[in-house]
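What follows is a single structure, written as structure tokens, with notes after it.
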Amino acid sequence: MGDFNLALVIVAIVVCVLVFIFNVYLLVNYQHPDDKNQAYFPKFVVVLGLSVAAISILMLPADVANRQACRHAIYNGACNLTLPMKDLWLAIYIIDAILVFFVIPFAMFYYEGDQDKSVGKRMKSSLMWVIATAIICGLLLGILYGLVGKVDFTVRHLSSSTAAFPTNFGFSSDEPCIGNGARECSAYTANSSSETTWTMRSTFPEYVVALATIAGSVLFSIFGGVGIACLPLGLIFSFIRRPRAVITRSQYIKEATELGKKARELKKAADALHQEQKSGSKGRKWRKNMKAVEKELLLLEDDVKALEEMYPQGEKAETTWAMTILGYLAKLVLGVLGLIVSIAWVAHIVIYLLIDPPLSPFLNEVFIKLDDAWGLLGTAAFAFFCFYLLLAVIAGEMMLGLRLVFITIHPMKWGATLMNSFLFNVGLILLSSISVIQFCSTAFAYYAQATAAQEIFGHTLQSLRGIKYLYKPMLIYDRTVNRYNVFQIAFIALAGLTFVYYTAFGWRRKKPSGRFQLSS
């Protein structure tokens, strides 16, 4: 253990503890009041899932730091005595897959089960659904792995003549090889017949991670592209739409009376639906009415929050109003900083990934210079950019909320998020986090070279049968050219559309969409 990078181990432990504490804080502040002091198992799954997602993102900077720990080693095999990053990568993503496809569905089925049934019956019903899902997923993965679970590496067979050890090698573009015989030792001058394919079977964990990356890449392209724009702009326009002054008491009473009337109507509708559920008449009309009540409840909660914000009460009303104003100022500052980071991300993707050949290493070079300036400063900046991309995915997912027919499903709201919504969104975040890592390892390939993540998400993923054409770069002599850039192009396109939409409409105040809304 003495040969391990002790400082890196300590930092990793501290970061894991801080991530866990932060996720508990999010759970406490996002949970709905109806879920307080109950639903402990879904809450544990939520905290665990969020922690795995955050730690998996921060593992890429740890992988880079782990590689640098043995960069100046004076003996061979020093890198074998650092952290086993490849095993850690596979472990974290196997846990990710188990949470997404088994644990979270079980927790959701159990939470949404009929409350009138016993705990045993709810667990049995949830377990049956999960077992059926496990059998289907196992069969699909087994069949796909058996048929196409192989990796095809494109290599060149090169050869050269031998010669006596020279006093001066004198290599140049005209003389790239030793001796005057065969010149195929240079990949630049080798003919196309020297190219061949080396086939081997991938490990099953790597194959599972690769397939999960495909599903996550679709979500990442959508949520990440939307979120990279709406995350900073949403904060900035929230400041623009902020309440400018405290409303009068008479206006507060009028609005509170209307909201109380709406609350009573919703309670009567919810009680009627509950009676229908107990009688077993859960048809199409019941589900439609349930969604309508849920939507109206969300609008009512928004109105109550806005009313409390515009008319603070209590002995410290002035302090509360001052904190509200400071909160909006903080959103403006964070929004401006986030906009700078988002622009840097988009510029880096265009400059380094989409333009052939790349115009510049851009952020890769910035991180390297920061490392040269002071220790792990570049690694910390690298971690910040990777984690910001995950925040962008979360912001995009919260904004879109899987809107189907203008009804928001499983929304995440501060102080009003039910556990089934929490679980659903955590599953999406976990699935997207795999693709965030793959995207970061590709976008910062120059800085993160020779890492365990590069081996998994670079060589294996880009050469796996069936999906390699979505990721695989094409080797043209001595340089690599990306073949399709499917997900990068989708990411940039959605980011551009979201930016245009927010610039055109995001600064406007939201129009009333419920039956009772705050009057202007």
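Residue check: is Ala490 at pLDDT 75 or above and surrounded by fewer than 21 Cβ atoms within 10 Å (Cβ to Cβ)? Answer is yes for this residue.
Listed here are the residues, each with its yes/no results for (1) on the phi < 0 side of the Ramachandran plot; (2) open to solvent by less than 40 Å² (accessible area, probe 1.4 Å); (3) touching a residue at least 60 places away in the same chain (Cβ under 8 Å).
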{"residue": "Leu300", "(1), (2), (3)": "yes, yes, yes"}
{"residue": "Glu308", "(1), (2), (3)": "yes, no, no"}
{"residue": "Gly314", "(1), (2), (3)": "no, no, no"}
{"residue": "Leu339", "(1), (2), (3)": "yes, no, yes"}
{"residue": "Ile368", "(1), (2), (3)": "yes, no, yes"}
{"residue": "Asp372", "(1), (2), (3)": "yes, no, no"}
{"residue": "Phe382", "(1), (2), (3)": "yes, yes, yes"}
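The set of residues in region 221-269 being under 30 Å from Ala453 (Cβ atoms) and either open to solvent by 60 Å² or more (accessible area, probe 1.4 Å) or modelled with pLDDT under 85 (or both) consists of Ile222 alone.
Hey, could you check region 413-452 for residues that are part of a helix (DSSP H, G or I) and aromatic (Phe, Trp, Tyr) and say which is most open to solvent (accessible area, probe 1.4 Å)? Taking the candidates together, the pick is Phe424. How many residues are farther than 20 Å from Ile10 by Cα, modelled with pLDDT under 85 and open to solvent by less than 80 Å² (accessible area, probe 1.4 Å) when one looks only at region 43-73? Counting residues in region 43-73 that are farther than 20 Å from Ile10 by Cα, modelled with pLDDT under 85 and open to solvent by less than 80 Å² (accessible area, probe 1.4 Å) gives 1.
For the condition over 16 Å from Leu211 (Cα atoms), surrounded by 19 or more Cβ atoms within 10 Å (Cβ to Cβ), of a type in the set (A, V, I, L, M) and modelled with pLDDT under 80, Met85 qualifies.
The helices (runs of 4 or more DSSP H) found entirely in region 299-407 that carry 1 or more residues being touching a Lys or Arg at 6+ places or on another chain (Cβ under 9 Å) and more than 26 Å from Ser433 (Cα to Cα) are 317-348.
The values are calculated or read from the model by the stated rules, or taken from the named source; none is laboratory data. Note that the coordinates shown come from a computational prediction; the quantities given were computed from them, not determined experimentally. With ideal geometry, Cβ positions are generated from the backbone for all residues, glycine too; neighbour counts draw on all protein chains shown. Just so you know, the surface numbers come from the protein's heavy atoms only, side chains and all, with ligands and any DNA or RNA stripped out. Shrake-Rupley method; radii C 1.70, N 1.55, O 1.52, S 1.80 Å.
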